[in-house]
Amino acid sequence: MTTFQKLDRLTALAKGDENLRKRLLATRHSEDALWDFCLIAQEAGVELYAGELFAIGEEYCDNQCKSTNGGNPSPYETFNDAYENFITSIE
């Protein structure tokens, strides 16, 4: 299962379980948001790790640079934040 599939599965679970959704949203205020987010995901049956979230963000950024006509001479300062996108999708 890809990381995107895991996030889709977690989205479906969160939309069907208000308690899970609230717990995931509460990670925004956590001292270690990604760690807590991944622990909650794993408790819900979705094997998700912080490294995966960073990796898909970096891959997204790399693909954006490669898709620029002629290549992007300077990479973006930041990369797509999969965690924040997920949290936004369940608000």
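Filtering segment 44-59 to residues that are more than 13 Å from Lys6 (Cα to Cα) and charged (D, E, K, R) leaves Glu58, Glu59. Of the residues making up segment 52-72, those that are in a loop (DSSP other than H, G, I, E, B) and modelled with pLDDT under 65 are Thr68, Gly70, Gly71, Asn72.
Considering segment 14-51, and only residues there that are part of a loop (DSSP other than H, G, I, E, B) and among the acidic types (Asp, Glu), the residue that is nearest to Asp81 (Cα to Cα) turns out to be Asp32.
The values are calculated or read from the model by the stated rules, or taken from the named source; none is laboratory data. Values in this document were obtained by computation on a predicted structure and should not be read as measured data.
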